[in-house]
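Chemist: Take a look at the following structure, please.
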């Protein structure tokens, strides 16, 4: 079952912040975040493992609340280059679970 | 250069004509996977492989076959394509991280398939 992402789409002006949420009905081992620009392949942003960790690089960070099976991606002081569709991918807990299931995506548009 | 290579990049075919989309990676990754991308549906996993001769179904395996005879290659086979298999297909690979879990996925450039 696909994780649920919200919002489906968001428009920002340069410099504004955004939060993208990812929620699963399953107990999770890890959450992946990827960004895809139009006509291109998805590009890896980060992985978060169970344990409630938080990660970040540059002005993009993420958190993972394993008790709620939720992850959030935070984009701070957005730049034009942040435009694209963001996907979360989830891996369920449990031995031998290699399946990575992606959400439907959140389309982010940053305008000048 | 580390990469995942898919072929063909574009293909128009007719219903029922068997086709194979090849995928090759040069990073010695254990894990490989196929996804299809359709508007509004995101990326849906078709099949994945944890290593040579080890494959498993994803969320939408119907109408597809895969094989993993060599570590670097993971072809996707459509035995009898139908119009509902018209889609953008991505192959991806990763090493298996600690705990035998999927690490960072490296995606190919995609193969756009149209079945008439």
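Computed from the coordinates by the stated procedures, all read-outs in this text should not be read as laboratory data. As the structure is a prediction and not an experimental result, all values here were calculated from the model. Here the Cβ is made from the backbone with ideal geometry for all residues, glycine too, and neighbour counts use every protein chain on show.
Chemist: Per the Cauchy relation, a quarter of the hull surface: what is the mean projected area of the convex hull of the alpha carbons in segment A:39-112, in nm²? Mind dumping the intermediate values first?
Modeler: Values: hull surface 23.8 nm².
Result: 5.9 nm².
Chemist: Under 1.5 on a/c is rounded, so check that first for segment B:1-60, then, if it is not, pick prolate when a/b is larger than b/c and oblate when it is not; a ≥ b ≥ c are the square roots of the alpha carbon gyration tensor eigenvalues.
Modeler: Working: a/c = 1.58, a/b = 1.31, b/c = 1.21.
Since a/c reaches 1.5 and a/b is larger than b/c, the shape of segment B:1-60 is classed as prolate.
Chemist: Using label points projected 7 Å from each Cα along Cα→Cβ, tell me how many nm separate residue A:11 and residue A:25, to one decimal.
Modeler: 3.3 nm
Chemist: First measure r as the distance between the Cβ atoms of residue B:9 and residue A:57, then evaluate 1/(1 + (r/R0)^6) with R0 = 30 Å and state the FRET efficiency to the nearest 0.05.
Modeler: 0.45
Chemist: Now for a different question. Obtain the nm distance between the two label points defined at residue B:88 and residue B:57 by a simple spin-label model: each point lies 7 Å from its Cα along the Cα-to-C-beta direction.
Modeler: 2.7 nm
Chemist: When a/c is below 1.5 the answer is rounded, else prolate if a/b is larger than b/c, else oblate, so apply that to chain B with a ≥ b ≥ c taken from the square roots of the Cα gyration tensor eigenvalues.
Modeler: It is prolate, given that a/c is not under 1.5 and a/b is the larger ratio.
Chemist: Find the relative contact order for segment A:26-90 and round it to a whole percent, using C-alpha pairs within less than 8 Å whose residues are 6+ positions apart.
Modeler: 38 percent
Chemist: Would you please give the FRET efficiency between residue B:109 and residue A:93, computed as 1/(1 + (r/R0)^6) with r the Cβ-Cβ distance and R0 = 41 Å, to the nearest 0.05?
Modeler: Calculated value: 0.80.
Chemist: Using the basic label-point model (7 angstrom from Cα toward the beta carbon), what is the residue B:41 to residue B:22 distance in nanometres?
Modeler: Placing both labels 7 Å beyond Cα along the Cβ direction yields 2.7 nm.
Chemist: Residue by residue through A:101-110, how many Cβ atoms from other chains fall within 10 Å of the Cβ on average?
Modeler: That works out to 3 on average.
Chemist: Given the C-alpha centroids of segment B:1-67 and segment A:38-112, what is the distance between them in whole angstrom?
Modeler: Their Cα centres are 22 Å away from one another.
Chemist: Sticking with this structure for a sec: Please report the orientation-averaged projected area of segment A:3-45, defined via the convex hull of its C-alpha atoms, in nm².
Modeler: Seen from a random direction, the Cα hull of segment A:3-45 projects 4.2 nm² on average.
Chemist: Divide, for the protein assembly as shown, the radius of gyration over alpha carbons by 2.2 N^0.38 Å, where N is the residue count.
Modeler: That ratio works out to 1.01.
Chemist: I need to check one value: relative contact order of chain B, counting alpha carbon pairs closer than 8 Å and at least 6 residues apart, in percent.
Modeler: Details: 305 pairs, mean separation 40.6, N = 116.
Relative contact order of chain B: 35 percent.
Chemist: Could you work out Rg/(2.2 N^0.38 Å) for segment A:3-74, with Rg from alpha carbons only? Mind showing how you got there, number by number?
Modeler: Values: Rg = 12.6 Å, N = 72, 2.2 N^0.38 = 11.2 Å.
In units of the globular-protein estimate, segment A:3-74 measures up at 1.13.
Chemist: How well do other chains shield peptide A:28-40, expressed as the mean number of their Cβ atoms within 10 Å of each residue Cβ?
Modeler: 2
Chemist: Then there is this: For segment B:70-110, would you read off the P(r) tail past 15 Å as a percentage of all alpha carbon pairs?
Modeler: 58 percent
Chemist: In peptide B:43-49, how many Cβ atoms from other protein chains are near each Cβ within 10 Å, on average? Present the calculation step by step, with values, prior to reporting the outcome.
Modeler: Values: counts 12, 4, 6, 0, 0, 3, 1.
Mean partner-chain Cβ count within 10 Å for B:43-49: 4.
Chemist: I would also like to ask the following. Can you tell me which of B:39, B:81, B:61 moves the most in a GNM of chain B? Springs connect C-alpha atoms under 10 Å apart.
Modeler: The residue that fluctuates most here is B:39.
Chemist: Just B:93, B:67, B:80 to compare: in a GNM of chain B, with alpha carbon springs under 10 Å, which one fluctuates most?
Modeler: B:80
Chemist: Taking the highest mean first, how do the peptides B:21-27, A:103-109, B:86-92 order by number of other beta carbon atoms within 10 angstrom per residue?
Modeler: B:86-92, A:103-109, B:21-27
Chemist: Normalising by the residue count of chain A, find the relative contact order in percent from Cα pairs under 8 Å and 6+ residues apart.
Modeler: Reported as a whole number, the value is 37 percent.
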